[in-house]
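Readers should treat all values here as calculations from the given coordinates under stated rules, not as data from a laboratory. Because the structure is predicted, anything quoted here is derived from the model rather than measured. All Cβ positions, even for glycine, are placed from backbone atoms using ideal geometry, and neighbour counts span all protein chains on display.
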Amino acid sequence: MVEPPMSPSRSFFASCVLIAVVVAAGAGAFAYTAGWLSPNRLTPAKLVDVLAPPGGPALGYRRNHAKGICFTGVFDSNGKGADLSVAQVFAPGSYPVVGRFNLATPSPNAADATVRVRGLGLQITTPDGGVWRSAMIDPPFFPVATPQAFYELQKASHSKDPEAMKSVVAAHPEIAAFGKWATTTPWTSSYAEDPYNGLNAFLFVDRAGVARAVRWSLRPVAEPVPIAPDELAKRGPNYLEQEITQRVAAAPQRWTMTVTVAESGDVTADPSKAWPAERRIVEVGTLVVQRIEAEADGPCREINFDPTILPKGISVSDDPFPAARSAAYARSYDRRTAEAKHYPRTSGSPKQ
Amino acid sequence: MSRQLTRFTGLQRLLHWLMAVCIVAMLFIGIGMVSTTAPRYVPLLETHKTLGAVILLLALLRLGVRLVRGAPPLPASLPPLMRLGAILSHYALYALMIAMPLIGWAMLSAGDYPIVLYGGIRLPAILPQSDTLHTLLRSAHHWLALAFFALILLHLAAALFHALVRRDGVFEAMSPLPSRRGKH
Ligand code: HEM
Ligand code: HEM
Ligand code: HEM
């Protein structure tokens, strides 16, 4: 090959420029991918930061649903889910469960009667090694249609500008339905009397490989007894945890797990829209809560109830929430484990 | 070995370039997925874990091949400081391509996450749940990844410097193309 007639110094200079350009392009592509050049990207860190109350997050605690109590028990599967999904959890049998009753608040000290939404974190493990984690809440649909809207809603709810909330509600009219649920649905005085809904749509894959969009729920076997929030307030700020501890100590508490199967045309990508009531609902088994343990020393604190942790036979659908939640819960978990020294570990020590 | 090698063996070059593509992809997937809340987060993380496990296997294989087959000597004309830089950076690259997947695996174990790869393949936990270890490993995974990327840029710059400026055969030793001069 004939060398181009270039003076060595020019070729040296050109080569160095070329090398610098290649390195700069590599670094630039990395920075772009990392989001360092895109301040508007909805990152997991932003989704988590926006949950913090005005005084800052409670160090060492979950960034949302911070107040909670652990339980253990079993999921008794009746086998009826096995036609919908090959997951071993739907084969008849009894599978160990770790879970957490919780309140949808970033403050671990919030008084029970100040928190409208209650939740349940659930992990079911099966002998084949499958792990199914889910985090469910008591409203029958989610307040907003997209993770971006959730971010805007949270931001507005902490904003001092009275117009902020109005403009979010105007931009996301689905919030109104949630407002109606929140103001008209009776409260109960027990975690055992509430339903817990997965709300997000997932895919169940059956033996033939057919995937169906589903949503799941836990329906309480205990009869709900309505109570006014100010009545609940009178029973003390931590009544729910005392009540569930005594109640489960007296007898195991049960929920029926139901799976609602979507039909073609049902919106699966929007948890703010409930599916029509006449959809097929399959009762797949019973959650039996057998033992309550304080969070500080219980088995649920260390678990991230990430809704994308699914066994074979269940997978994510086109619902954008599970992915956004997974990314955000991981960030929350990273932070709270890094702050573990701030968390009061011994049982009986007051939460602070 | 009777004959002085002037190039890495075909297997070594194949592994080098295959792994170069995989590792650069891993760094981009990793830094991209931790900045997104979009639906692709789920498949990206699954790909990240799977490719990471593949890289660990390839890296161990590559280390074995390296110990058996050795490497061509660096050119005698190389100034001592550059020689030292080359040797140390190659040690660091080997260390990182083995450590990064192990740290990723260990950090998920310490976070009590099930480790499920593509196709439902499950890796066992290699550590018990621990807040302290999870925190340590999680930040190690982040900072070592950034150091890894910086080192790769430096390595790339050095390789191009050898190829374009020094033209001393160092690039040809690892070149993905068959030898042009026909002797090696
Ligand atoms: C993009 C929307 C959402 C964001 C950003 C978000 C954020 C969070 C965060 C950061 C945590 C704490 C996680 C941890 O540290 O382990 C959490 C917990 C929880 N979330 Fe969400 N969440 C979202 C949507 C939902 C939805 C749709 C549901 C219900 C269907 C839900 C139910 C729960 C429950 C029950 C917990 C407590 C689980 C436990 O006991 O650990 N969240 N959420
Ligand atoms: C991106 C473009 C890359 C180029 C142009 C490149 C080029 C080269 C060249 C020319 C050598 C031979 C050095 C010698 O003769 O000793 C080499 C060696 C090496 N490269 Fe790369 N490389 C690249 C990416 C990577 C990546 C991503 C890694 C990841 C770990 C890597 C790891 C190594 C290692 C460990 C050696 C030393 C091999 C040994 O001594 O066994 N390279 N590379
Ligand atoms: C060559 C190997 C690997 C490289 C270069 C790599 C690189 C990265 C990078 C750059 C990040 C983003 C770090 C941050 O900014 O916080 C990351 C995150 C992560 N990596 Fe890796 N990784 C490797 C192997 C693995 C393996 C084998 C696993 C697990 C089996 C793993 C699991 C993870 C997880 C879980 C995250 C964080 C995801 C999140 O919190 O959203 N990595 N990795």
ask   = Can you give the Kirkwood hydrodynamic radius of segment B:106-184 from its Cα pairs, in Å with one decimal?
value = 16.2 Å
note = Working note, segment A:97-163: Cα radius of gyration (Å, one decimal) and Dmax (Å, whole number) are 15.7, 53
inquiry  = Loop-only trypsin sites (Lys or Arg not before Pro) in segment B:36-134, please: DSSP not H, G, I, E or B, and at most 16 other Cβ atoms within 10 Å.
reply    = B:Arg40
ask   = With contacts defined as alpha carbon pairs under 8 Å and 6 or more residues apart, what's the relative contact order of chain A in percent?
value = 23 percent
note = Summed over the other residues with a beta carbon less than 12 angstrom from that of A:Ala156, with K and R at +1 and D and E at -1, the charge totals 0
task = Working from the alpha-carbon coordinates of segment B:10-169, get Rg over Rh, Rh being the Kirkwood radius.
result = 1.02
ask   = Add -39500 (n - 2.57) for each DSSP H run of 4 or more in the protein assembly as shown, then divide by its residues: what number comes out at 222 nm, to the nearest 500 deg cm²/dmol?
value = -13500 deg cm²/dmol
request  = Please list A:205-215, A:128-138 highest first by mean number of surrounding beta-carbon atoms within 10 Å per residue.
outcome  = A:128-138, A:205-215
note = The local net charge around B:Ile121, scoring Lys/Arg +1 and Asp/Glu -1 for residues other than B:Ile121 whose Cβ lies under 12 Å from its Cβ, equals +2
key: Euclidean distance of C-alpha centroids, segment A:239-257 and segment A:35-104, integer Å   = 20 Å
query = In whole percent, what relative contact order does segment B:10-169 give with Cα contacts below 8 Å and a gap of six or more residues?
reply = 21 percent
query = What whole number of Å gives the distance from the Cα centroid of segment B:1-51 to the Cα centroid of segment B:68-120?
reply = 11 Å
note = Expressed as a percent, the portion of alpha-carbon pairs in the protein assembly as shown spaced more than 33 Å apart is 49 percent
note = Per residue of B:27-36, other chain Cβ atoms within 10 Å number on average 6
message = Just to confirm a number: summing +1 for Lys and Arg and -1 for Asp and Glu over residues other than A:Thr258 whose beta-carbon lies under 11 angstrom from that of A:Thr258, what do you get?
response = +4
query = Within the protein assembly as shown, which cysteines find no other Cys whose Cβ is under 4.7 angstrom from their own?
reply = A:Cys16, B:Cys22
request  = Please report, in whole Å, how far the alpha carbons of segment A:58-188 spread along each principal axis, starting with the longest.
outcome  = 53, 33, 28
ask   = Charges only on Cβ, +1 for Lys and Arg, -1 for Asp and Glu: so what's the dipole of the protein assembly as shown about the Cα centre, in debye to the nearest 20?
value = 2160 debye
task = Compute the length gained on full extension between A:Thr185 and A:Ser11: take 0.36 nm times their separation in residues and subtract their Cα-Cα distance, giving the result in nm to one decimal.
result = 54.9 nm
task = Please give the average number of partner chain Cβ atoms lying within 10 Å of the Cβ of each residue in A:19-26, rounded to a whole number.
result = 3
remark   = Per the Kirkwood formula over distinct C-alpha pairs, the hydrodynamic radius of segment A:54-341 in angstrom is 19.6 Å
task = Please arrange A:Lys180, A:Lys160, A:Lys273 by counting, for each residue, the other beta carbons lying within 10 Å of its beta carbon, fewest first.
result = A:Lys160, A:Lys180, A:Lys273
message = I want to check a number: in segment A:54-341, how many lysine pairs have alpha carbons closer than 30 Å, given a sequence separation of 8 or more or different chains?
response = 21
request  = Have a look at A:Ser94, B:Leu63, B:Gln129 and report the one farthest towards the positive end of the charge dipole of the protein assembly as shown, computed about the Cα centre with Cβ charges (Lys/Arg +1, Asp/Glu -1).
outcome  = B:Leu63
